Amino acid sequence: MTIVMDLFSRTDQQTNPEKIQQIKHWIYEVLEINEKISVSLSQLRCTEPGCPPIETVIAILDKPQRQYKIHKPIAELEQIDIQNLLEKS
């Protein structure tokens, strides 16, 4: 899994490495992704009107590539947030 944190701006919030590993496990398990497929997990700050202040972007680097956005910082993600991605797809 590739982890990219906050590429476009700095945030005050640091994410615990164990939390990232837990989210990685949820992504692979809930979305039924083969562990050989890379996953990118990014936390971005948005300053555009109507955009959440911080969102998490999950990119499944398969063919075709899939991308999901969750309007929460990585530190606040729970397993239910990953499960809810299935309802949106």
Checked the range 39-62 for anything hydroxyl-bearing (Ser, Thr, Tyr) and either within 13 Å of the chain's Cα centre (by Cα) or under 12 Å from Ile23 (Cα atoms) (or both); matches are Ser40, Ser42, Thr56
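One line per residue, one yes/no per condition, for (1) surrounded by 12 or more Cβ atoms within 10 Å (Cβ to Cβ); (2) modelled with pLDDT of 90 or more:
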site: Ile3; (1), (2): yes, no
site: Leu7; (1), (2): no, no
site: Glu18; (1), (2): no, yes
site: Gln22; (1), (2): yes, yes
site: Ile37; (1), (2): yes, yes
site: Cys46; (1), (2): yes, no
site: Ile54; (1), (2): yes, yes
site: Tyr68; (1), (2): yes, yes
Result of the Cβ filter at 8 Å on the range 77-89, keeping first residues that are under 18 Å from Gln21 (Cα atoms) and in a helix (DSSP H, G or I) and partners that are among the charged types (D, E, K, R) and open to solvent by 20 Å² or more (accessible area, probe 1.4 Å), at least 6 apart or interchain, is Asp81/Lys72
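The values are calculated or read from the model by the stated rules, or taken from the named source; none is laboratory data. As the structure is a prediction and not an experimental result, all values here were calculated from the model. Counting neighbours? That spans all protein chains shown, and the Cβs are built from the backbone with ideal geometry, glycine included. These accessible areas exclude ligands, DNA and RNA; they are computed on the full protein's heavy atoms, side chains included. Shrake-Rupley method; radii C 1.70, N 1.55, O 1.52, S 1.80 Å.
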